[in-house]
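What follows draws every value from the coordinates through simple rules; no lab data is involved. Remember, it's a predicted structure, so these values are computed and weren't measured experimentally. Cβ coordinates were reconstructed from backbone atoms using ideal geometry, including for glycine residues, and neighbour counts include every protein chain displayed.
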Amino acid sequence: MRATLRRVSVRSILHADMDAFFAAVEQRDDPTLRGKPVIVGGLSRRGVVSTASYEARRFGVHSAMPTARARALCPLGVFLPPRMEAYAAVSATVQAIFGRFTPLVEPLSLDEAFLDVTASRALFGEGRAIAARIQREVRDATALSVSVGVAPCKFVAKVASDLRKPGGLVVVEPGDEAAFLAPLPVARLWGAGPVMQRRLDALGLRTIGDLAATSLESLTAAIGAAAADHFFALARGVDPREVVPDRDPLSIGRETTFQDDLVDDEAIDRVLRNLCESVAQRLRAEAKCARVVRVKLRFPPFLTHGCQTRVPAALDDELGLLRVARTLLAKGRPTGRPLRLLGVTAAELENRSASPRQLGLFDSPSEDPARVRRLTRAMDELRERFGDRVIRRGALGDAPDD
């Protein structure tokens with residue numbers, strides 16, 4: 001009886017991450033792209049890479065990289081605009097598969113999620129068996145691959161899912177967390193951006209095992225109490241955070257985690273514009289408008305901050321979202337502070353037909369909501385017929401391609 005109780009008390013957490021998701025969908029839908037370096041993202045001079053296929057990654061292309069830089073690294077790459085409606089449809093299929101195995105699913109984005117399958121083991125088997133079955137069902141339903149990490153906590157499961165991509169399945173058994181993490185570089189620690197990596201390197205801490213072997217006191221003296229506590233726990237595979245299901249289905253959001261912390265204001269604004277465009281396109285595709293706009297910020301080492309505001313008139317256009325998001329970003333991010341993650345969410349959604357629009361007393365005619373709505377509808381129709389490159393909003397700051 002005691003053994004059974006101990007077994008049940010150990011959590012089984014999965015982190016499932018679709019492999020090169022946007023690019024993989026494009027290669028699936030267009031067989032001529034298979035085996036080619038495919039880069040999905042903004043196509044203007046100031047665009048940003050959303051996803052790069054594994055073929056493109058061999059050239060050094062990665063997400064959040066300026067598209068101009070990606071073109072220089074991979075001049076023969078196939079550059080495509082994102083098709084958010086297509087990706088959202090596939091994501092819904094994948095999330096439905098996750099939900100067959102547990103109600104405790106925490107989506108992080110369209111292409112990844114945490115699952116707590118602790119209580120599901122009696123029905124479906126151990127974590128490894130559940131992960132393998134999820135991989136099969138995702139492939140059968142979508143013709144795409146998903147990498148899965150299985151561990152007793154979220155952090156270790158996240159690290160495990162990234163080690164054998166694409167299509168990897170890595171299991172870390174209870175009690176093996178520290179040994180599993182030990183040989184990995186400190187860059188694998190959540191929140192250890194380039195600046196923190198240099199500070200740890202100066203202390204002679206190059207692997208997670210090095211950090212785990214040092215004393216908390218010396219680490220605190222070197223990098224401060226908050227960061228020391230955070231990294232000291234992670235290095236030992238300690239992460240008590242629960243898997244929290246998404247309890248707010250009436251929202252549409254996009255976020256991106258940067259491979260290197262972003263400091264440059266122009267680069268951050270460029271990412272913000274792309275996020276607002278993606279969210280707005282999905283809003284219009286689902287005939288929704290948002291009464292609340294949220295911005296999510298993550299600062300090194302792993303400090304997450306969110307801010308939101310209610311707008312006087314429901315929004316479904318990228319220009320309106322961007323104006324609000326810029327204000328929230330300025331309020332939530334101290335000048336010059338590096339960013340690890342940036343996200344934009346439209347919440348408290350309403351059906352578009354149920355959202356009255358009224359021109360403000362001091363608004364210019366160009367900001368007439370009815371006029372904006374007609375303009376965005378026309379732009380969407382053009383994009384649907386001729387592709388996303390055919391037209392962009394000059395007000396978003398993207399110059400046309402030569």
Check your understanding: Taking a quarter of the surface of the Cα convex hull of the range 282-351, what do you get in nm²?
Key -> 4.8 nm²
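If a/c stays under 1.5 just call it rounded; otherwise compare a/b with b/c (prolate if a/b is bigger, oblate if not). Do that for the range 7-174, with a ≥ b ≥ c from the square roots of the Cα gyration tensor eigenvalues.
Details: a/c = 2.47, a/b = 2.05, b/c = 1.21.
It is prolate, given that a/c is not under 1.5 and a/b is the larger ratio.
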Review point. Excluding same-chain residues fewer than 8 positions from residue 165, which lysines have a Cα within less than 29 Å of its Cα?
Key: 36, 154, 296
Practice item. Report the extension gain between residue 86 and residue 305 in nm, rounded to one decimal, defined as 0.36 nm multiplied by the number of residues separating them, less their alpha carbon distance. Key: 75.8 nm
Point to revise | Amide proton proximity set for residue 108, modelled H, under 5 Å, gap of 5+ | key: 113, 114
Point to revise | Relative contact order for the range 7-174, counting Cα pairs under 8 Å that sit 6 or more residues apart, in percent | key: 28 percent
Practice item. List the relative contact order of the range 178-235 as a percent without decimals, with contacts defined as Cα pairs under 8 Å and 6+ residues apart. Key: 39 percent
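Could you calculate the FRET efficiency of residue 119 with residue 244 from 1/(1 + (r/R0)^6), where r is the beta carbon distance between them and R0 is 25 Å, rounded to 0.05? Show your work: numbers first, answer last.
On the way: r = 15 Å, r/R0 = 0.61.
Computed FRET efficiency for residue 119 and residue 244: 0.95.
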Practice item. May I ask you to compute the full-extension gain from residue 184 to residue 58, defined as 0.36 nm times their residue separation minus their alpha-carbon distance, rounded to one decimal in nm? Key: 43.2 nm
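Let me check I've understood the local charge: for residue 61, count other residues with C-beta under 12 angstrom from its C-beta, Lys and Arg +1, Asp and Glu -1. What total comes out? Could the numbers behind the result be given before it?
Details: positive: 57, 58, 69, 71; negative: 55.
Net of charged neighbours comes to +3.
Provide 165, 331 in ascending order of the number of other Cβ atoms located within 10 Å of each residue's Cβ, fewest first.
Values: 165 16, 331 10.
Neighbour counts put them in this order, fewest first: 331, 165.
When 242, 106 are ordered from fewest to most other Cβ atoms inside 10 Å of their Cβ, what list results?
Details: 242 12, 106 19.
Placing the least packed residue first, the sequence is 242, 106.
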